[in-house]
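Before any comments, here is the structure.
The values are calculated or read from the model by the stated rules, or taken from the named source; none is laboratory data. Treat the numbers as computed from the prediction; the structure is a model and nothing was measured. Ideal geometry is used to build each Cβ from the backbone, glycine not excepted, and the neighbour counts take in all protein chains shown. The accessibility values were calculated without ligands, DNA or RNA, using every heavy atom of the protein model including side chains. Shrake-Rupley method; radii C 1.70, N 1.55, O 1.52, S 1.80 Å.
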Amino acid sequence: MTRYIMRLDDACPKRNMAKWDRMEALLEKYGVKPLVGVIPDCKDPDMDCFTEDADFWTKRIASWQKKGWQLALHGYNHIFKTNCGGINPVNHRSEFAGLPYEEQKRMIADGVAILRSHGINPKVFFAPAHTFDENTIKALQDASDIRIISDTPANKPFSKYGMTFVPQQSGRVRKLPFNTVTFCYHPNTMNESSFVNLEKFLQQNRFEIFPIEESTRKLSLVDKFLMGMYYARH
């Protein structure tokens with residue numbers, strides 16, 4: 001049976017609170033506990049159109065953790081600095097990939113410090129635009145306790161570079177023939193049909209509850225084939 005994981009990106013004080021509230025109510029209705037990417041110090045101008053939630057760090061975060069939601073480090077300030085795809089080249093823009101190690105280490109250390117100051121001890125990382133490189137991984141290992149990354153296509157979690165990679169294959173719910181499937185949603189930009197289709201899927205499928213354990217499984221030939229096919233489309 002396929003393990004389904006729901007991932008929500010771009011949680012921060014400035015967000016579309018109505019859509020996030022709708023997503024929260026929907027997931028709670030079906031008992032789904034998602035993985036939520038929190039931006040420590042969001043400077044993304046695309047978020048400026050949203051009203052700032054003064055209670056985000058004090059009440060909302062505590063509420064999510066009380067419900068058993070897993071909160072992850074989602075980059076640092078969500079500003080793309082390079083056109084590099086790194087080792088997961090699904091996009092050609094990145095906050096991390098292509099930057100020097102020391103700069104990435106500082107970003108990771110500062111991001112983790114901010115989350116910890118708000119009572120979050122992140123164990124999972126995923127980068128904006130899904131792009132990162134070997135320096136990102138070394139920075140995570142040297143500046144944090146994070147050893148799990150949510151990203152890269154594969155059949156199920158695997159170990160590489162001293163990290164566990166939990167595959168993330170789709171930006172919408174759908175049946176896929178893999179052992180572990182992560183759906184990545186951005187509540188800020190969801191439309192009505194996205195919510196309707198998500199609820200239909202939730203009615204019929206059971207989702208995994210985090211936390212996910214670290215893996216020692218190596219990449220298989222099937223995983224490598226999936227990666228080749230996936231990256232060829234981007």
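What's the total number of residues in the stretch 183-234 that are among the β-branched types (Val, Ile, Thr), modelled with pLDDT of 95 or more and surrounded by 11 or more Cβ atoms within 10 Å (Cβ to Cβ)?
1
Taking into account only those residues within the stretch 156-182 that are over 17 Å from the mean Cα position of the chain (by Cα) and of a type outside the set (Gly, Ala, Ser), which is surrounded by the most Cβ atoms within 10 Å (Cβ to Cβ)?
Across the stretch 156-182, the extreme among qualifying residues is Phe178.
State all residues of the stretch 92-111 that are touching a strand residue (DSSP E or B) at 6+ places or on another chain (Cβ under 8 Å), free of Cβ contacts under 8 Å to residues at least 60 places away in the same chain and not in a loop (DSSP other than H, G, I, E, B); if no residue qualifies, say none.
Selection gives Ser94, Ile108.
Would you please name the residue that is surrounded by the most Cβ atoms within 10 Å (Cβ to Cβ), looking only at residues in the stretch 133-155 that are modelled with pLDDT of 95 or more and hydroxyl-bearing (Ser, Thr, Tyr)?
Thr136
What's the number of the only condition in (1) open to solvent by less than 10 Å² (accessible area, probe 1.4 Å); (2) part of a helix (DSSP H, G or I); (3) small (Gly, Ala, Ser) that Gly37 fails to meet?
Gly37 satisfies every listed condition except (2).
Taking Phe56 as meeting all but one of (1) touching a residue at least 60 places away in the same chain (Cβ under 8 Å); (2) under 19 Å from Arg116 (Cα atoms), write down the number of the exception.
Failed condition: (1).
Among the residues of the stretch 1-16, which ones are closer than 21 Å to Thr51 by Cβ and buried (at least 19 other Cβ atoms within 10 Å of the Cβ)?
Scanning the stretch 1-16 gives Leu8, Asp9, Asp10, Ala11, Cys12, Lys14, Arg15, Asn16.
Considering the stretch 20-65 alone, what residues qualify as being touching a Pro at 6+ places or on another chain (Cβ under 6 Å) and within 23 Å of Glu95 (Cβ to Cβ)?
Of everything in the stretch 20-65, those that are touching a Pro at 6+ places or on another chain (Cβ under 6 Å) and within 23 Å of Glu95 (Cβ to Cβ) turn out to be Trp20, Glu52, Asp53, Phe56.
Taking the stretch 140-164, which residues are in contact with a Leu (Cβ under 9 Å, 6 or more places away or on another chain) and outside any loop (DSSP other than H, G, I, E, B)?
Within the stretch 140-164, Leu140, Ile149, Ser150, Phe158, Ser159, Lys160, Met163 qualify.
Tell me, which residue of the stretch 88-98 that is open to solvent by 20 Å² or more (accessible area, probe 1.4 Å) and either modelled with pLDDT of 95 or more or among the charged types (D, E, K, R) (or both) is farthest from Lys43 (Cα to Cα)?
Gly98
Tell me which residues, restricted to the stretch 70-81, are of a type outside the set (S, T, N, Q) and either at pLDDT below 95 or surrounded by fewer than 19 Cβ atoms within 10 Å (Cβ to Cβ) (or both).
Of everything in the stretch 70-81, those that are of a type outside the set (S, T, N, Q) and either at pLDDT below 95 or surrounded by fewer than 19 Cβ atoms within 10 Å (Cβ to Cβ) (or both) turn out to be Ile79, Phe80, Lys81.
From (1) without any contact (Cβ under 8 Å) to a residue 60 or more places away in the chain; (2) open to solvent by less than 30 Å² (accessible area, probe 1.4 Å); (3) part of a loop (DSSP other than H, G, I, E, B); (4) not β-branched (Val, Ile, Thr), pick out the condition that doesn't hold for Cys84.
Exception for Cys84: condition (2).
Does Arg22 qualify as being closer than 25 Å to Val112 by Cβ and either open to solvent by 70 Å² or more (accessible area, probe 1.4 Å) or at pLDDT 95 or above (or both)?
No, not satisfied.
Mind listing whichever residues of the stretch 184-202 are within 14 Å of Pro34 (Cβ to Cβ), under 19 Å from the mean Cα position of the chain (by Cα) and either in a helix (DSSP H, G or I) or of a type in the set (Val, Ile, Thr) (or both)?
Pro187, Leu198
If a residue must be open to solvent by less than 50 Å² (accessible area, probe 1.4 Å) and hydrophobic (A, V, I, L, M, F, W, C), how many such residues does the stretch 51-61 contain?
Number satisfying all stated conditions: 2.
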